[in-house]
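I have placed the structure first, in the form of structure tokens, so that the comments after it can refer back to it.
The values are calculated or read from the model by the stated rules, or taken from the named source; none is laboratory data. Only a predicted model underlies this, so the values are computations on that prediction, with no experimental measurement involved. Ideal geometry is used to build each Cβ from the backbone, glycine not excepted, and the neighbour counts take in all protein chains shown. Just the protein is used for accessible areas: all its heavy atoms, side chains included, with ligands, DNA and RNA removed. Shrake-Rupley method; radii C 1.70, N 1.55, O 1.52, S 1.80 Å.
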Amino acid sequence: MIFDSHAHYDDEAFDKDREEVIDKIKKSGVSAVLNCSSNMASIEKVFEIVSKHDFIYGALGIHPEFPKDLKGNINKIGDLAQNRKILSIGEIGLDYHYEGYDREAQIKCFKEQMDLARCLNLPVVVHSRDAMEDTLKVLSEFKEVKGALHCFSGSYESAMEAVKLGYYIGFTGVITFKNAKRALEVLEKIPEDRILIETDCPYMAPVPYRGERNDSSYLPYVIEKVSNIRNISYEKACSITYENAARLFNLKVQ
């Protein structure tokens, strides 16, 4: 069984053939998908998708790129997040990659949603780009909250700090790239019970599809890399990553 712990089927890249793609990934053996929102518009689309497809679940939250979207909407997100198909608050976090982003607004938005997750007793899906120090600082302020650091790009030391706080580490198709040395070091060394796989689709397609639109049917390439790096069978890599995601997101293992 395969659990895609981070996807974006609400993205406009799927507007022309969303239903066909979802049908394809279900037939490919993908058992569960966590579809993460990024802003208020995508929250509406995510909720629609998860309501329609039994194996797709939702994470509702405001990405750090859109902190203004949270204003006046925290209670609405909280109300929607109490639906049984919503397993997490996300994707939330910090992104310092571009100088134009308001870091103070991002931190405020991040903390408000961490507090929401704490109140609802839900895990979080965290985006951290060029902001690991501040991300870990915020996470440490909400010790009751657990979650995933998705598409992890930090060091092994940062990963272990997150693990100690109760977080899981998400790996995308990036681990199949030739320049993925740091991500592979993290994958090789972190505890087995903290490894997640994800697409972050429509982005991060693995080799041999790098540069193309990604979807969950490509996850076997990611799993194969996990099995090689961890020196375990493909079947065990599937089982471990599925069970880890199911445990974190409180989804009954089938």
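At a glance:
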{"item": "Summed residue charge, Cβ within 13 Å of R103's Cβ, Lys/Arg positive, Asp/Glu negative", "result": "-4"}
{"item": "Magnitude of the charge dipole, the range 2-249, Cβ model with Lys/Arg +1 and Asp/Glu -1, debye to 20", "result": "500"}
{"item": "Over the chain, relative contact order from alpha-carbon pairs under 8 Å, at least 6 apart, %", "result": "19"}
{"item": "Residues with amide H under 5 Å from that of I86, placed H, sequence gap 5 or more", "result": "G58"}
{"item": "Solvent-accessible area per residue, Å², over the chain with all protein chains present [probe radius 1.4 Å]", "result": "46"}
